[in-house]
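A short write-up of the structure that comes next.
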Amino acid sequence: MDGKSLAARVREHVAGEVAELGEIGLATVLVGDDPASEVYIGLKHRDCAEVGISAFDHRLPADTPEADVLALVERLNGDVTVDGLLVQTPVPQHLDEARILAAAAPGKDVDGLTPHNQGLLLLGRQAHVGATPLGVMRLLSEYRIPIAGARAVVVGRSPIVGKPMALLLLAANATVTICHSRTQDLARHTLDADVLVVGVGQPHLITEDMVRVGATVVDVGITRTDEGLLGDVDPGVAEVAAFLTPVPGGVGPMTRALLLESTIRAARYRRGLLPFS
Ligand code: NAP
């Protein structure tokens, strides 16, 4: 499944919407100097520039007190030039990440990480949902992978990947199993999957013998190594899977593109063009 070309089409569509809606702003907050986070923030700003979204880059030193980070988020909540808002994770250890993520105004919370948006997702009333699970769903839909009634297995249960992924698949009427680090006999579960989504961060954890012939496999994992970016799925899985996302070029570009789409949605919420529930 080619995430790169689908992401290019999503960006094209977003650029058209920006032209229609006028000035749209995404504010990013980066606390500290984590090198991977700096790369991600840089890419987000580049993507915004490409489609005509104004991106505001807020950077704070690693030792910034929590009250100052919260004050910045609060200020951005009230800033009328800011439609979407995200705090890059992980934040430095001395900060309470959950409290900082919860501080974003739900309508601006494009990563869907506030308790409000996570709660709506749990209730099956999606508002803002993280760009990675949204990107996976878009890929599955583009390739017409049947979800209703399918057995879906999600490996990983983080609030940003595994849990929202499982809830979106459930909302699309899959029968969902969630696996994690304490799951015993992982292969027993993965072998059952019609649709297998893996977001763990362990290169090549899923091997050919763990996948059913004809399954659809989505590899969310990204690990930087000397050999380049590696996914959680061993390339040998291509021998058995009917559909497989590459790393790089699969979920990564979709995540970036869907963040732009979420920013458009945030702009619609803020302008009252779409009801925020
Ligand atoms: P995370 O917060 O570290 O979560 C990893 C999850 O994997 C946890 O739920 C953990 O279980 C589970 N796990 C660890 N070892 C396992 C094992 N041996 N078997 C089964 N499950 C295991 O990471 P994350 O933020 O969700 O990210 C996961 C991966 O996706 C990373 O490689 C990250 O770089 C990548 N990612 C990619 C994109 C993209 O756009 N492609 C976006 C976001 C993240 P416990 O809960 O029991 O600890």
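I'm trying to understand the selection: among the residues of region 247-277, which are within 16 Å of the ligand (Cβ to nearest atom), surrounded by fewer than 24 Cβ atoms within 10 Å (Cβ to Cβ) and aliphatic (A, V, I, L, M)?
247
Kindly indicate whether residue 160 is buried (at least 17 other Cβ atoms within 10 Å of the Cβ), in contact with a helix residue (DSSP H, G or I) (Cβ under 8 Å, 6 or more places away or on another chain), of a type in the set (Val, Ile, Thr) and farther than 16 Å from residue 137 by Cβ.
No; evaluated as a whole, the condition is false for this residue.
Considering only residues that are within 13 Å of the ligand (Cβ to nearest atom) and in contact with a His (Cβ under 7 Å, 6 or more places away or on another chain), which ones fall in region 112-141?
112
Which members of region 163-178 meet the condition of being more than 21 Å from residue 255 (Cβ to Cβ) and either open to solvent by less than 40 Å² (accessible area, probe 1.4 Å) or not in a loop (DSSP other than H, G, I, E, B) (or both)?
175, 177
Given 125, 144, which one is outside any helix (DSSP H, G or I), closer than 25 Å to residue 277 by Cβ and more than 16 Å from the chain's Cα centre (by Cα)?
125
Identify the residue in region 19-49 that is outside any helix (DSSP H, G or I) and among the small types (Gly, Ala, Ser) and, among all such residues, is most open to solvent (accessible area, probe 1.4 Å).
By that ranking, first place goes to 22.
Would you check which residues across region 114-129 are touching a Leu at 6+ places or on another chain (Cβ under 7 Å), more than 21 Å from residue 80 (Cα to Cα) and either free of Cβ contacts under 8 Å to residues at least 12 places away in the same chain or open to solvent by less than 40 Å² (accessible area, probe 1.4 Å) (or both) and list them?
Residues satisfying the conditions are 121, 129.
How many of the residues in region 185-222 are more than 20 Å from residue 163 (Cβ to Cβ), within 12 Å of the ligand (Cβ to nearest atom) and surrounded by fewer than 19 Cβ atoms within 10 Å (Cβ to Cβ)?
Residues flagged as more than 20 Å from residue 163 (Cβ to Cβ), within 12 Å of the ligand (Cβ to nearest atom) and surrounded by fewer than 19 Cβ atoms within 10 Å (Cβ to Cβ) within region 185-222 amount to 4.
The values are calculated or read from the model by the stated rules, or taken from the named source; none is laboratory data. These figures come from a predicted structure and were not determined experimentally. Methodologically, a virtual Cβ is constructed for each residue, glycine included, from the backbone with ideal geometry; neighbour enumeration extends over all protein chains shown. Keep in mind that these areas ignore ligands, DNA and RNA; they rest on the heavy atoms of the full protein, side chains included. Shrake-Rupley method; radii C 1.70, N 1.55, O 1.52, S 1.80 Å.
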